[in-house]
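A short write-up of the structure that comes next.
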Amino acid sequence: MTVLVSPALDEARRELVKGLEARRMVVVVASCSIAYSGRTGSDLGEGERLILFKEDGCILVHRRNNYQPVNWQPSGCVFQTRIEDGRLIVKAVRPSPLETLTLTVSSVEFFGSFHLKDEARFVLHSSEEEMQKAIIAEPSLVEAGLQIVDFEKKVVPGFVDVYGIDSRGNTVVIEIKKDPAGTSTVKQLAEYLKNFEAPAGKKLRPVIVAPALAKGVLPLVNKMGFEFKPLTLQKSLETLQKRADSDQSRLNGWLDSAERKD
């Protein structure tokens, strides 16, 4: 482990090169400006930032607020460093597609490099609420043309997860399970259906959304005239993350546009 407090730039550069070559985690608090070129382009003026170089060759630059980095490059980057005009220049180059993140560092307040031992298995604990949120945000996860009317609708003897209207005007009643759906799910949905009536000339479509059906349940599903639509919790979480990233990107674009106008 190497820890430096307020090192000179040439010393910080030497230790950074050692850390990168040894595939260590490197944590730096520095005053720097940032330039990015690639699919788009951006510039960020001087400020104090937290910079993380990870063992797989990725880099993340954080400001004092927000959990997301203000700039980053994915794993597999090639790093270049030099001292120029009294500044430490660090370039993180992604070969394909070609992207370059350039940090111009005027001072370093903290430098640390170390190996992290982490062999634990990641186990995801979540709930059907994420699947529900994903379906509401992206109804096409169930089927194209589905329009959500309501969710957590109070009925006897409980709450309907999601219900909506399909592209043909039929009423769709959805029961969500994060685990393989069993007989109890079919019975539960059957009870909920007693509270719904399709418009004249339209159908009532009961749909079970789950990663799979439990063993032996398919014949009962078919007998009841229910439908099964496969959806995993992981797919739901990925959908929500993409949505969040897209929203953040649009917000950043709006803020950049507003700053340019100012």
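Just so you know, all these numbers are worked out from the coordinates, no wet-lab data involved. Since the model is a prediction, treat every value here as computed from it, not as a measurement. Here the Cβ is made from the backbone with ideal geometry for all residues, glycine too, and neighbour counts use every protein chain on show.
When the helices in the chain are scored as -39500 (n - 2.57) per DSSP H run of 4 or longer and the sum is shared across all residues, what 222 nm value do you end up with, to the nearest 500 deg cm²/dmol?
Details: 5 runs with 70 residues, N = 262.
Taking each H run of at least 4 residues, the total per residue is -8500 deg cm²/dmol.
Placing a label point 7 Å from the Cα of V155 along the Cα-to-Cβ line, the residues of region 188-206 whose backbone N sits under 13 Å from it are 188-199, 204-206.
Rounded to the nearest 20 debye, the dipole magnitude of region 1-146 is 440 debye, with +1 charges on Lys and Arg beta carbons, -1 on Asp and Glu beta carbons, and the Cα centre as origin. Computed from the Cβ-Cβ distance with R0 of 35 Å, the FRET efficiency linking N170 to K242 stands at 0.80. Here region 128-236 was treated as a single set of alpha-carbon atoms; its pair distances binned every 5 Å from 0 give 2, 13, 25, 25, 22, 10, 2, 0 percent.
Stretched out straight at 0.36 nm per residue, the stretch from A200 to Q80 would grow longer than its current Cα-Cα span by 36.3 nm. Taking every alpha-carbon pair under 8 Å whose residues sit at least 6 apart, the chain reaches a relative contact order of 15 percent.
Suppose R0 equals 25 Å. What FRET efficiency, 1/(1 + (r/R0)^6) with r the Cβ-Cβ distance, do D179 and I136 give to the nearest 0.05? Spell out each step's value before the answer.
Numbers: r = 20 Å, r/R0 = 0.81.
Calculated value: 0.80.
What number do you get for region 1-129 when its Cα radius of gyration is normalised by 2.2 N^0.38 Å, N = residues? Relative to the 2.2 N^0.38 Å estimate, region 1-129 comes out at 1.11.
What is the sum of charges around I89, taking Lys and Arg as +1, Asp and Glu as -1, for the other residues whose C-beta is under 10 Å from the C-beta of I89?
Numbers: positive: R13, R82, R87, K91; negative: E84, D85.
Net charge around I89: +2.
Percent antiparallel among DSSP beta bridges with both residues in the chain, to the nearest 5?
Numbers: 60 of 71 bridges.
Within the chain, antiparallel bridges account for around 85 percent of the total.
Note on S106/T40: beta-carbon distance plugged into 1/(1 + (r/R0)^6) with R0 of 35 Å gives a FRET efficiency of 0.85.
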